[in-house]
Each structure stands twice: as structure tokens, then as C-alpha cells.
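Laboratory data are not the source of any read-out in this text; all were calculated from the coordinates shown. The structure displayed is predicted, hence computed values, not measured ones. We place every Cβ from the backbone using ideal geometry, glycine too, and count neighbours over all the protein chains shown.
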Amino acid sequence: MRKKVILAGGSGFLGKELAIFLKKKGYQVVILTRNKPTISEDITYVQWDGAHLDQWADELEGSYAVVNFTGKSVNCIYTKANREEIISSRIDSVKVLQDAIRHCQNPPQAFVQAGSLAIFGDTRKKCTEDSPYGTGFSVHVCKLWEEEFFRESFSKTRQVLLRIGFALGKNGGALEPLLKLVKYNLGGTVGSGTQYISWLHIDDLNNMFLQAIENNKYNGIYNATGPSPVTNKEFMSTLRKVMGKSWTPPAPTPFVWLGAYVMMKTEPSLALTGRNCIPKRLQEHGFTFTYTHLETALKDLIL
Ligand SMILES: NC(=O)c1ccc[n+]([C@@H]2O[C@H](COP(=O)([O-])OP(=O)(O)OC[C@H]3O[C@@H](n4cnc5c(N)ncnc54)[C@H](OP(=O)(O)O)[C@@H]3O)[C@@H](O)[C@H]2O)c1
């Protein structure tokens with residue numbers, strides 16, 4: 001019988017990629033979604049509301065692992081309502097999954113949580129797992145998220161939180177809007193260009209999730225990012241090179257503010273801030289990266 005992995009909020013960018021990856025590895029995949037239940041391409045979609053215990057919780061009984069991707073996208077304008085939903089969707093889903101695990105006779109042996117490197121705020125300093133937290137709304141969200149995830153511990157369920165960096169994939173995620181900007185010759189350096197992008201290829205991220213699910217050595221918090229972060233200036237210049245575009249004028253900070261709010265309907269800080277993070281604990285575990293060079297990673301995804 002195939003081992004079952006449950007992906008809560010797994011209908012989004014990262015969850016869908018992991019679902020396909022796990023299926024290829026021989027796992028049975030169940031996605032918890034607020035949409036109607038269905039079965040598609042050998043993936044079972046089970047309905048939940050991300051906040052209350054209900055029949056969906058039966059899926060966890062005897063399962064191998066549960067991975068939580070749930071959360072309102074941070075790619076929006078931070079109105080009061082959006083801020084509240086960004087927080088509540090993350091905290092409520094962690095709490096209710098903990099409840100579901102507690103109610104299991106045979107609980108999953110691993111509970112893996114998708115977190116974020118945004119906990120370090122906006123910094124040019126190298127950040128390992130032990131570095132100080134930053135300040136601001138995104139940091140506040142990450143702190144609440146991590147506190148909630150580790151509030152409860154389980155005797156039979158290992159807990160791993162991956163602080164995910166700028167995940168580069170083919171079908172969506174943060175790369176998609178940048179591809180559009182470069183395509184329309186708007187892909188210049190953003191703001192000062194000195195803000196860091198801690199990037200990683202989706203294949204490496206999927207392997208990190210697999211390790212977190214299968215490998216008993218994995219426990220606690222990890223910086224889930226590649227070993228070679230770059231500045232925004234270097235990132236945009238490499239992206240233009242891979243897409244065959246020549247030099248493009250930089251987008252000064254006021255222009256980015258206006259463009260983000262008016263055209264992209266999102267928070268300018270997402271593009272104007274960044275962090276320089278190192279996957280220290282993954283490296284200590286001997287994790288092997290397939291993509292350590294940005295140009296190679298982008299060529300694989302774009303060409
Ligand atoms: N993508 C990245 O590069 C990246 C980097 C760092 C951290 N992360 C974190 O990793 C997680 C997954 O990222 P992603 O890119 O896959 O996100 P995503 O595409 O936005 O998917 C998140 C899923 O959460 C569910 N959801 C959204 N709002 C919800 C709400 N109010 N209540 C309950 N469920 C809700 C949705 O599932 P249904 O509509 O099917 O219910 C959605 O498919 C997120 O928490 C994100 O912050 C992502």
C-alpha cells in the first residue's frame with residue numbers, strides 16, 4: 001500500500017509542485033482545500049475550511065506525513081482585512097492540524113510546515129537559522145506562525161518548519177511577474193538593487209520537503225533556501241540575460257511604489273526589501289543542491 005501524505009492548502013503554487021513530485025516517488029497524495037472535493041490525476045482533494053475539525057481530519061489517521069501550505073497570499077495590499085486574513089489563515093490552519101494530529105490513534109510521523117525567511121526582515125547581513133529577527137508586519141506574521149507551530153509537541157510526530165526563500169518554479173510563484181516585466185522591457189534593477197534575493201529552485205525545495213518528511217534527522221527550523229543568494233541587481237541582470245533582453249533602465253523606488261500599488265495591486269515592500277540567507281542546517285545535514293548557480297536555475301525554468 002502506498003504511504004499517504006496530506007498537503008493542507010496544497011492546491012497552490014508550492015503544494016501542486018510537491019504533489020506531482022511525491023506522486024512520482026510513489027506516495028498517495030491528499031490535498032485539503034476549501035474548494036469542492038474531487039479526484040484529479042490520482043490526487044484526492046478533500047474539503048476543509050482550514051479552521052475547524054470535521055470529517056477531513058479522518059484523512060490523517062494512519063497517514064505518513066502532513067505538510068501545511070495554507071495561507072492567504074502575501075502578494076496583496078496590506079489593508080486591515082488582508083492583514084487579518086494573512087495571520088488568521090496561517091494560525092488557524094496550524095491549530096486545527098495540531099488538533100487533528102492529537103485526535104489520531106495512529107498519527108503521521110511528520111508534521112511539516114511551510115514558513116518564510118521573511119522572519120529576518122530586510123537585511124543585507126548573512127542570516128543563518130540563529131540570526132536575529134527583523135521588524136515589521138511580515139516578521140510579526142512569521143513569529144506568530146512559528147510560535148503556534150511549536151506551541152504543541154507530539155510524542156509520535158516529528159515537527160519540521162521550512163523557512164522558504166524565493167522559490168523559482170515554472171507555473172506561478174514570485175518569478176512569474178518578473179518574467180512579465182522583463183518581457184515588456186520593464187525588468188530593470190528594482191529600487192536600490194542592493195536588497196538580497198535568497199532564491200532556490202523548486203526541485204531543490206521539493207527535495208527539502210521529501211527529506212523533512214522521510215528523514216528522522218530533520219527536526220525543528222531550517223532556512224529552506226539555496227546556498228548562493230544574490231542582490232536584486234544581479235538577479236534582474238541574470239534574468240534579462242537568460243531571456244535575451246539588453247540593459248533596461250532601473251525602476252527607482254517611487255516608481256516601484258506607484259507601480260506596485262496601482263498596476264500590480266501589491267505591497268511595494270515585497271520587491272524593495274530582501275534578505276541574505278544561508279541554509280546552514282541543511283548544509284550540516286549534507287543536503288545536496290541541484291541548483292547553486294542562478295543562471296543555470298533560470299535557464300532550466302525558462303528556456
Ligand atoms: N511561493 C514562495 O516562494 C513562498 C516563499 C516563502 C513562503 N511561502 C509560504 O508557503 C505557503 C505556500 O505558498 P504558495 O506559494 O503555494 O501559496 P499559494 O499558491 O497562495 O497557496 C496557498 C493555499 O492556501 C489556501 N488558502 C489561501 N487563503 C486561505 C484562507 N484564507 N484560508 C484557508 N486557506 C487559504 C489556498 O487553498 P484553497 O483555495 O484550495 O483552499 C491556497 O491554494 C504560504 O504560506 C506562503 O506564505 C511561499
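Could you pull out which residues in the stretch 2-30 have an amide N less than 19 Å from a spot 7 Å beyond the Cα of Glu152, following the Cα-Cβ vector?
Output list for this probe position: 6-9.
What is the local net charge at Thr273, summed over the other residues whose Cβ is closer than 12 Å to its Cβ (Lys, Arg +1; Asp, Glu -1)?
Taking every other residue near Thr273 into account, the sum is 0.
Restricting to the stretch 148-264, what percent of DSSP beta bridges are antiparallel, rounded to 5?
Antiparallel bridges make up about 20 percent of those DSSP assigns within the stretch 148-264.
Check each of the trypsin sites (Lys or Arg not before Pro) in the stretch 94-191 and keep only those in coil by DSSP with at most 15 other C-beta atoms within 10 angstrom; list them in order.
Lys156, Lys170
Give me the net charge of Thr238's neighbourhood, meaning all other residues with Cβ under 14 Å from the Cβ of Thr238; Lys, Arg count +1, Asp, Glu -1.
+2
Between Asp42 and Glu85, what length comes free when the chain is fully extended (0.36 nm per residue of separation minus the Cα-Cα distance, one decimal in nm)?
Using 0.36 nm per residue and subtracting the Cα-Cα distance, I get 12.4 nm.
On a 0 to 90° scale, report how tilted helix 80-102 is relative to the longest principal axis of the chain, with both axes built from alpha carbons and the result rounded to the nearest 10.
So the helix axis and the longest Cα principal axis differ by about 30 degrees.
Rounded to the nearest 5, what % of the DSSP beta bridges within the chain are antiparallel ones?
Of all bridge pairs located within the chain, approximately 10 percent are antiparallel.
With no solvent and one point per C-alpha, what does the Debye sum give as log10 I(q)/I(0) for the stretch 61-114 at q = 0.17 Å⁻¹?
Log10 I(q)/I(0), no solvent term: -0.58.
Can you sort Glu295, Glu41, Glu17, Glu214 so the residue with the fewest Cβ neighbours within 10 Å comes first?
Glu41, Glu295, Glu214, Glu17
Rounded to whole Å, give me the distance from the Cα center of the stretch 274-300 to that of the stretch 154-187.
13
How would Met264, Met236, Met1, Met243 line up from fewest to most surrounding beta-carbon atoms within 10 angstrom?
Going from least to most buried by this count: Met1, Met243, Met264, Met236.
Using the structure shown, list the pairs from Lys217/Lys280; Lys4/Lys156; Lys23/Lys95; Lys156/Lys217 with a Cα-Cα distance above 19 Å, or answer none.
Long pairs (Cα-Cα over 19 Å): Lys23/Lys95.
Specify the inter-centroid distance of the stretch 13-40 and the stretch 50-122, based on alpha-carbon positions, in whole Å.
Result: 16 Å between the Cα centres.
In the stretch 172-283, with Lys and Arg counted as +1 and Asp and Glu as -1 at Cβ, which of these residues, Asn276, Ile213, Leu181, has the Cα nearest the positive end of the dipole, that is, farthest along it?
The Cα lying farthest towards the positive end belongs to Leu181.
In the stretch 182-275, which chymotrypsin sites (Phe, Trp or Tyr not before Pro) fall in coil by DSSP and have 16 or fewer other Cβ atoms within 10 Å? Display every interim value, and only then the final one.
On the way: sites: Tyr184, Tyr196, Trp199, Phe209, Tyr218, Tyr222, Phe235, Trp247, Phe255, Trp257, Tyr261; in loops: Tyr184, Tyr218, Trp247.
Within the stretch 182-275, the qualifying chymotrypsin sites (Phe, Trp or Tyr not before Pro) (loop, at most 16 other Cβ atoms within 10 Å) are Tyr184, Trp247.
If the reach is capped at under 27 angstrom between alpha carbons, list the lysines near Lys180, excluding any in the same chain fewer than eight residues apart.
Partners within reach: Lys16, Lys72, Lys170, Lys233, Lys241, Lys245, Lys265, Lys299.
Identify, among Ala110, Ser246, Leu298, the residue whose Cα sits farthest towards the positive end of the charge dipole of the chain, taking +1 on the Cβ of Lys and Arg and -1 on the Cβ of Asp and Glu, with the dipole about the Cα centre.
Ser246
Given a Förster distance of 51 angstrom, what is the FRET efficiency for Met1 paired with Tyr133, based on the Cβ-Cβ distance and rounded to 0.05?
Calculated transfer efficiency: 0.75.
Using the Kirkwood formula on the Cα atoms of the chain, what hydrodynamic radius do you get, in angstrom to one decimal?
Values: mean 1/r = 0.0504 Å⁻¹.
Mean inverse Cα-Cα distance, inverted, gives 19.8 Å.
I'm a student and want to see the number: the projected area of the Cα convex hull of the stretch 197-303, averaged over all directions, in nm².
The directionally averaged projection comes out at 8.0 nm².
Can you tell which of Gln55, Gln47, Gln109 shows the greatest fluctuation in a Gaussian network model of the chain with Cα springs below 10 Å?
Of Gln55, Gln47, Gln109, the most mobile in the Gaussian network model is Gln55.
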